[in-house]
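Below is one structure, written out as structure tokens, with a few remarks after it.
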């Protein structure tokens, strides 16, 4: 049974000259138009997307009135509808990493093994569903801090550029700290999503996500942090090195950089007073654990 709301694709072959002179004809009423050159000819194959079943005879008649020619290989077919939510679910299966069981809303939390910490993050939310090598690197480095007892529950934590809030939430689920973990992001929508994720993971009372422009955020004034997550990109990481040094009182985890960018990022932070403790490369990505000198 045909869906009245289904989109259709008209496909045909037309000369480049005809298309260039009468492009408006194909654009009118179209949702999208794409043109592909046919090798070793002066022809184009056109794909025109429309929102209802086309009358090809009428299409040809109107075209002939304008161009005095006809399309060749003219045909129309319905565009198969895609359940993008189902696709998203298939492409975001639950997985284990660094002591966590990361999963989406489509997976029952009861599938989480008893020895792992459940961490629910949507696959199509703000940056950070846990799959990316940079997020995995930060989670692994944070685990190292805890295993080596470099921090305890009295630590102050900051997630700079928090995105979905995954790192702050993961830290809050791993240990109950005396102070709420602060997450800052310049994107207000990301902050809203981070708050929702904190609610879903039952750590809203142990996290505080705020909209702000990096280290200029007023909440950070006069504060120092024992642990700072910064999973951003190499260029902004380099730019904020001195600002991070002013609010750091211990360890920083830098990620979002490629292995080829490590030297530049390390250099900026070494100049700002940090020393490298450990790296955690995953594929082409690099994550750095650094410590403020003389603390």
Query raised in the report: Going through segment 48-67 one residue at a time, which ones are buried (at least 16 other Cβ atoms within 10 Å of the Cβ) and free of Cβ contacts under 8 Å to residues at least 40 places away in the same chain?
Result: 48
Query raised in the report: Are any residues in segment 232-254 crowded, with 16+ Cβ neighbours inside 10 Å, at pLDDT 95 or above and within 23 Å of the chain's Cα centre (by Cα), and if so, which ones?
Result: 237, 238, 240, 252, 253, 254
Report summary line: Of the candidates 192, 242, 226, the one satisfying the condition of being part of a strand (DSSP E or B) and over 25 Å from residue 116 (Cα atoms) is 226
Query - Residue that is surrounded by the fewest Cβ atoms within 10 Å (Cβ to Cβ) [pool: residues in segment 202-215 that are touching a residue at least 12 places away in the same chain (Cβ under 8 Å) and part of a helix (DSSP H, G or I)] - result: 205
**Report entry** Selection from segment 273-293 of residues that are surrounded by fewer than 16 Cβ atoms within 10 Å (Cβ to Cβ) and either modelled with pLDDT under 95 or within 22 Å of the chain's Cα centre (by Cα) (or both)
**Finding:** 281, 283, 284, 293
Query raised in the report: Looking at (1) within 18 Å of residue 280 (Cβ to Cβ); (2) part of a helix (DSSP H, G or I); (3) in contact with a strand residue (DSSP E or B) (Cβ under 9 Å, 6 or more places away or on another chain), can you tell me which one residue 146 breaks?
Result: (3)
Query raised in the report: Can you tell me which residue in segment 11-35 is surrounded by the fewest Cβ atoms within 10 Å (Cβ to Cβ), limited to those that are in contact (Cβ under 8 Å) with a residue 40 or more places away in the chain and touching a helix residue (DSSP H, G or I) at 6+ places or on another chain (Cβ under 7 Å)?
Result: 22
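For every residue, the table says whether it meets (1) free of Cβ contacts under 8 Å to residues at least 60 places away in the same chain; (2) under 16 Å from residue 180 (Cα atoms).
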{"residue": "227", "(1), (2)": "no, yes"}
{"residue": "232", "(1), (2)": "no, no"}
{"residue": "235", "(1), (2)": "yes, no"}
{"residue": "238", "(1), (2)": "yes, no"}
{"residue": "251", "(1), (2)": "no, no"}
{"residue": "271", "(1), (2)": "yes, no"}
Query raised in the report: Which of the residues belonging to segment 26-48 are more than 17 Å from residue 75 (Cα to Cα) and over 37 Å from the mean Cα position of the chain (by Cα)?
Result: 39, 40, 41, 42
Report task. Go over the candidates 222, 163 one by one and state the one that is surrounded by 15 or more Cβ atoms within 10 Å (Cβ to Cβ) and at positive phi. Result -> 163
Requested in this report: Return the total of residues in segment 161-189 being within 19 Å of residue 280 (Cβ to Cβ), outside any helix (DSSP H, G or I) and in contact with a helix residue (DSSP H, G or I) (Cβ under 7 Å, 6 or more places away or on another chain).
Outcome: 1
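The values are calculated or read from the model by the stated rules, or taken from the named source; none is laboratory data. Just so it is clear, the model here is predicted, and its values are computed rather than measured. Note that each Cβ is placed from the backbone with ideal geometry, even for glycine, and that neighbours are counted across all protein chains shown.
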